[in-house]
Amino acid sequence: MKGGKIPPIALGGRTMPRRVAVPRYCLHKSSGHARVKIHGSYVWLGKYGTPESRERYRRAIAETDRPAAKAIEAGDGLTVVELLATYYDYCQ
């Protein structure tokens, strides 16, 4: 073992979980407005440092996980068994 590091294989293939970074509340210097980058797009929050912009930041962060939850809830009611039966019929 070089450098004293234990290879992942020695740990049963497991590695440490990655930390999930929370998008930062940032100042856009030229405009004086607050913004946050979520999924590659900037969300403009209003005047930097105001309670309103901080509240918009909290809401924007809270809503980042909602699209995934909505996608699960918005299913058309098709079960796994029905999906597999349809696929099986398609293959024959």
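If packing is taken as the average number of other Cβ atoms within 10 Å across a peptide's residues, how do 44-55, 21-32, 79-90 rank, most packed first?
Peptide ranking by packing, descending: 44-55, 21-32, 79-90.
Sort all Cα-Cα distances of segment 22-66 into consecutive 5 angstrom bins from zero, then give the percent of pairs in each bin up to the one containing the longest distance.
Percent of pairs per bin, in order: 5, 27, 34, 22, 9, 2, 0.
Suppose the chain between Ile38 and Arg24 were pulled fully straight at 0.36 nm per residue; how much longer would it get relative to their current alpha carbon spacing?
Answer, rounded to one decimal: 4.1 nm.
Here, each number is a calculation from the coordinates, and none is a lab measurement. Fair warning: this is a prediction, and the values are worked out from it, not measured in the lab. Heads up, the Cβs are rebuilt from the backbone with ideal geometry, glycines too, and the neighbour counts pull from every protein chain shown.
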